[in-house]
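A short write-up of the structure that comes next.
The values are calculated or read from the model by the stated rules, or taken from the named source; none is laboratory data. None of these values were measured; they are calculated from a predicted model. Neighbour counts are summed over all protein chains in view; Cβ atoms, including those assigned to glycine, are modelled from backbone coordinates with ideal geometry.
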Amino acid sequence: MTNNDVLKKLRVALKLRDDEIVDILKLVDFNITKSEIGAFFRKDDHPNYMECGDQILRNFLNGLVIHYRGTKEKPKDVNLTLPKPKKDIAEKPTRRPSFKSKQKSNMDKDISPVKYKNKKKS
């Protein structure tokens, strides 16, 4: 897995836009443009593709730590900075009654048998 793949996966997992990545890199005094960031996310065979170096990925990860945790001098509240987790999938909501059971409960049970007019006699 290349540095470009790691950067792409982090971008998707954290739902970051290019301008947010530029801001994160500025936290560690690393200046880069949005077009250079876009070049990292292109396919390998694209003419404007650029290989993401170790220095860029290292600075991005360090900036990410500062972005979410803050610095040692000014720590951030983790509950405010991290995205809220989605509802737990393991918990299943209460099951609704099935269609057949609804129909049976709505059926009138006091109906007498019906005589059909055109019924063949055997």
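Filter segment 20-60 down to the residues that are farther than 16 Å from LYS9 by Cβ and of a type in the set (Phe, Trp, Tyr), then identify the one that is surrounded by the fewest Cβ atoms within 10 Å (Cβ to Cβ).
TYR49
Quick check on my filter: what residues within segment 27-70 are of a type in the set (Val, Ile, Thr) and in contact (Cβ under 8 Å) with a residue 24 or more places away in the chain? Step through it out loud before you land on a result.
Restricting attention to segment 27-70, the residues satisfying the condition of being of a type in the set (Val, Ile, Thr) are 28, 32-33, 37, 56, 65-66.
VAL28, ILE32, ILE56, ILE66 - these are the residues of segment 27-70 that are of a type in the set (Val, Ile, Thr) and in contact (Cβ under 8 Å) with a residue 24 or more places away in the chain.
Which one of these is of a type in the set (A, V, I, L, M), under 20 Å from the mean Cα position of the chain (by Cα), surrounded by 11 or more Cβ atoms within 10 Å (Cβ to Cβ) and at pLDDT 85 or above: LEU64, LEU82?
Values: LEU82 fails: at pLDDT 85 or above.
After ruling out the rest, the residue left standing is LEU64.
Which of the residues spanning segment 1-35 are over 23 Å from TYR68 (Cβ atoms) and assigned to a helix (DSSP H, G or I)?
Looking only at segment 1-35, we keep the residues that are over 23 Å from TYR68 (Cβ atoms), and these are 2, 33, 35.
Of everything in segment 1-35, just one residue is over 23 Å from TYR68 (Cβ atoms) and assigned to a helix (DSSP H, G or I), namely SER35.
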